[in-house]
Amino acid sequence: MAATLPTQHRALVLDSIGADLQVKTLPMPQPTSGSAIVQIVAAGALSYHREIYNGQRHYPLATPMVGGYSAIGRIAALGPDATALKPGQLAFVDCVIRGRDDPSILYLLGVSEGYSAASRKLAREVWRDGTLAEYAKVPLENCIPLDEAKLCQSLGYSFQDLMYMGYLLVPFGGLRDIKVEPGDTVVVCPATGGFGGAGVQVAVAMGARVIAMGRNETELARLQEHVRKGTPWASVETVRITGDEAKDTAVLQAYGPVDAVLDFTPPAAAKSTHLKSAVAALRYEGRVSLMGFVDFSVSDMKVVGSNITLKGKLMYSREDTLQFVKMLERGVFPRGQDFVDTKTFGLDDWKQAFDAAAEWTGVGKAVALMP
Ligand SMILES: NC(=O)c1ccc[n+]([C@@H]2O[C@H](COP(=O)([O-])OP(=O)(O)OC[C@H]3O[C@@H](n4cnc5c(N)ncnc54)[C@H](OP(=O)(O)O)[C@@H]3O)[C@@H](O)[C@H]2O)c1
């Protein structure tokens, strides 16, 4: 589809793992079959973006590359096979790239090229550059249309607010994967981080009763207050992780049988016993979505004896994304700072942005780069 694009654009480039990122002027990518060129409005920064690019997290990435995560953008140009997207349309730009002939091949654009030869090939040869740029070339199917009139004019979300989708979608993928139903009691653990906090907001929006576990009581209280202000009809119980597995289990069990657990335990919390306590509090045929990256063992008697489902989950599907946008458009999430308080930075301030993202974590907190 014909479009007048600038000939160049600015992008945040990582030349090698461990090197400082640099804002460079690059040739404008061109729309080809199966692709869209998106003008980036706001791109998300992860709490551990800094650790990915400085090598601390050992995520596989081919350099040089333009950094990124999911983003909000405006369609600037489309390949000739686009059938539904329109130039000018607002879109969520999903960083989850999948093989078109095998959707089980996936990786996260700007974050990790994945762990298979096929994902590496796709990441290196086709979709390499992420969204920390004025423009990005992405697969057509990674552009999820957003109803700008409804979301921004009627409901009052800003583009930065919409970027918070990049956080909320991840727990939504896990919760849907284990078929959480309205009315279910769901333990989110730990709930004081970025994705855990987002998990509490999403589970509440899905009609669940949420028990949030965390070791930081101040943050648990902020989480409870954030949910109370944004969704006064919902309540969140909080349970402090004490390090005493039996005691934490007993506190959870006092709330009655737990239907499901959403886990975001990071590697740093590998020795914490909160997940074991949460699993022990599950009802017969309870379900667990394992979304953190941690080795853990549980009692066979509990898992086998109670028909427990333990399900790993990476990100979410395109169907999850479309369903999530419908929820957002129905207005089930709060607005303004009761929804999310986003700190924004320009591309040149990438260092401050990643430093802020490492600190500004937890429910309703996000960092975005606006090129
Ligand atoms: N499966 C997926 O698709 C997917 C997608 C995104 C992220 N993740 C994973 O999710 C995890 C969480 O990410 P995030 O961005 O939410 O991280 P984050 O914002 O840094 O939060 C980390 C959380 O872990 C808690 N924690 C850290 N050390 C602990 C310990 N020793 N004992 C108990 N709790 C501890 C923190 O509690 P305090 O508040 O007390 O520090 C906080 O709740 C990461 O491992 C990430 O890789 C998975």
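FYI, it's all coordinate maths here, none of it is from the lab. Quantities reported herein were computed from a predicted structural model and do not represent experimental measurements. Using ideal geometry, Cβ is built from the backbone for each residue, glycine included, and neighbour counts are taken over all protein chains shown.
Of the beta bridges in the chain, as assigned by DSSP with both residues counted there, near 55 percent are antiparallel.
The charge dipole of the chain, taken about the Cα centre with unit charges on the Cβ atoms of Lys, Arg (+1) and Asp, Glu (-1), comes to about 160 debye, rounded to the nearest 20. Placing a label point 7 Å from the Cα of M327 along the Cα-to-Cβ direction, the residues of segment 162-193 with a backbone N closer than 13 Å are 165-184. Projecting the Cα atoms of V298, P190, L310 onto the charge dipole of segment 168-312 (Cβ charges, centred on the Cα centre) puts P190 farthest toward the positive pole. Report summary: the helix-based calculation at 222 nm, which adds -39500 (n - 2.57) for every DSSP H run with n ≥ 4 and divides by the residues of the chain, gives -8000 deg cm²/dmol. Computed across the chain, the Kirkwood radius stands at 21.0 Å (inverse of mean 1/r, all Cα pairs). When you restrict to C-alpha pairs under 8 Å that are six or more residues apart and normalise by the size of the chain, the relative contact order lands at 18 percent. Take the Cα of D101, step 7 Å toward its Cβ, do the same at D341, and the gap between the two points is 5.1 nm.
Residue separation of K302 and L5 scaled by 0.36 nm, minus their Cα-Cα distance, works out to 101.0 nm of gained length. Using Cα centres only, tell me the gap between segment 252-274 and segment 69-86 in whole Å. Cα centres, segment 252-274 to segment 69-86: 39 Å. Principal axis extents of the C-alpha atoms in segment 168-312 (largest first, rounded to whole Å): 41, 29, 28. The modelled label-to-label distance between S317 and T218, using points 7 Å beyond Cα along the C-beta direction, is 4.2 nm. Once you reduce segment 1-60 and segment 191-221 to the center of their Cα atoms, the two points are 31 Å from each other. In a reduced charge model with +1 at each Lys and Arg Cβ and -1 at each Asp and Glu Cβ, segment 261-371 shows a dipole moment near 400 debye about its Cα centre. Once the chain from R283 to S16 is taken as fully extended at 0.36 nm per residue, the excess over their C-alpha distance is 91.3 nm. Within the listed set D102, D161, D15, the Gaussian network model of the chain (springs between alpha-carbon atoms below 10 Å) gives the highest mean-square fluctuation for D102. Once both labels are positioned 7 Å from their Cα atoms along Cα-to-Cβ, the gap between R240 and T83 label points is 5.7 nm. Ranking L61, I37, V111 by Cα position along the charge dipole of segment 11-148, where only Lys, Arg, Asp and Glu carry charges on their C-beta atoms, puts L61 farthest toward the positive end. Within the straight-line cut-off of under 24 Å between alpha carbons, the lysines reachable from K313 are K121, K179, K271, K276, K302, K326, K365, sequence neighbours fewer than 8 places apart in one chain being disregarded. Taking a ≥ b ≥ c as the square roots of the eigenvalues of the Cα gyration tensor, segment 67-126 is prolate, since a/c reaches 1.5 or more and a/b is larger than b/c.
Among beta bridges identified by DSSP and lying wholly in segment 72-227, the antiparallel ones come to about 70 percent.
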